Amino acid sequence: MAAPPTLHSVWDDVGEYRIHGRVSDRALSRERRDLGAAAPVRDTVFVHGLGMSTDYLEPTMILLARDFAVSGLDLPGFGESRVARGRVLSIRQLADVLEGWMRVRGIESPIVVGQSHGCQVVAEWAVRSPLPGAIVLNAPTMLEGHRSALAQIARVALDT
């Protein structure tokens, strides 16, 4: 029986930010496209939610790492990726960092999984990306213009 996949900490410079990430063995390997898989190994990138880090996504990442090159980053201001005290990045700025990090890591046309607030970052990245492989939005947060209770009730009524 094969040993379970492991995740490794990596550090990358993306613009002015030092970004911490967690990557699987396949994602770490420069030869990850040649690991004996019948088809090319597909990159899957995880983007955490607000107030979180990649740590809480690790159980899912480890399960998927059996078949995919799995990576996740701590967005600036979260987990081990820092920003200047008191500075808060916009969704667009976070999407820029996500795009830059994937470029630095050599990830092309990935499956990008956003969790909660990470969905907004992934969606912003996807509309600007020339070739998003696929996106998965898990538990997306509300649209900015619909954050009141009345607006949410109206949207539920529309949905039903």
What do you get for Rg/Rh over the chain if you use C-alpha atoms and the Kirkwood form of Rh? 1.01
Express the accessible area of the chain per residue in Å², computed with a 1.4 Å probe while the remaining protein chains stay in the model. 58
³J(HN,Hα) computed for each position of region 65-78 - Karplus, 6.51 cos²θ - 1.76 cosθ + 1.60, integer Hz, glycine/proline x: 5, 5, 10, 10, 7, 10, 9, x, 10, 8, 4, x, x, 10
Two-site label geometry, Arg66 and Ala2: point separation in nm, points 7 Å out along Cα→Cβ: 0.9
Suppose R0 equals 30 Å. What FRET efficiency, 1/(1 + (r/R0)^6) with r the Cβ-Cβ distance, do Leu50 and Ser109 give to the nearest 0.05? 0.65
Helix 149-159 sits at what angle to the longest principal axis of the chain, using alpha carbons and giving 0 to 90 degrees rounded to 10? 70
Check: the chain dipole with +1 on Lys, Arg Cβ and -1 on Asp, Glu Cβ, in debye: 140
Which value in deg cm²/dmol, rounded to the nearest 500, describes the helix-derived mean residue ellipticity at 222 nm for the chain, given -39,500 (n - 2.57) per DSSP H run of n ≥ 4 and division by the residue count? -9000 deg cm²/dmol
Based on the mean of other Cβ atoms within 10 Å per residue, sort peptides 89-98, 46-55 so the most packed one is first. 46-55, 89-98
Along the chain, longest interval not containing exposed GluC sites (Glu not before Pro), exposed being DSSP loop plus at most 14 other Cβ atoms within 10 Å: 32-107
How big is the Cα convex hull of region 95-134 in projection, averaged over all directions, in nm²? 2.5
Which residues does a label at Asp12 reach in region 68-108, if reach means a backbone N under 11 Å from a point 7 Å past the Cα toward the Cβ? 71-74, 97-108
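The values are calculated or read from the model by the stated rules, or taken from the named source; none is laboratory data. All values reported here derive from a predicted model rather than from experimental measurement. Neighbour counts run over all protein chains shown; Cβ positions are idealised from the backbone, glycine included. Ligands, DNA and RNA are stripped out before the accessible areas are found, and what is left, the full protein with its side chains, is counted by its heavy atoms. Shrake-Rupley method; radii C 1.70, N 1.55, O 1.52, S 1.80 Å.
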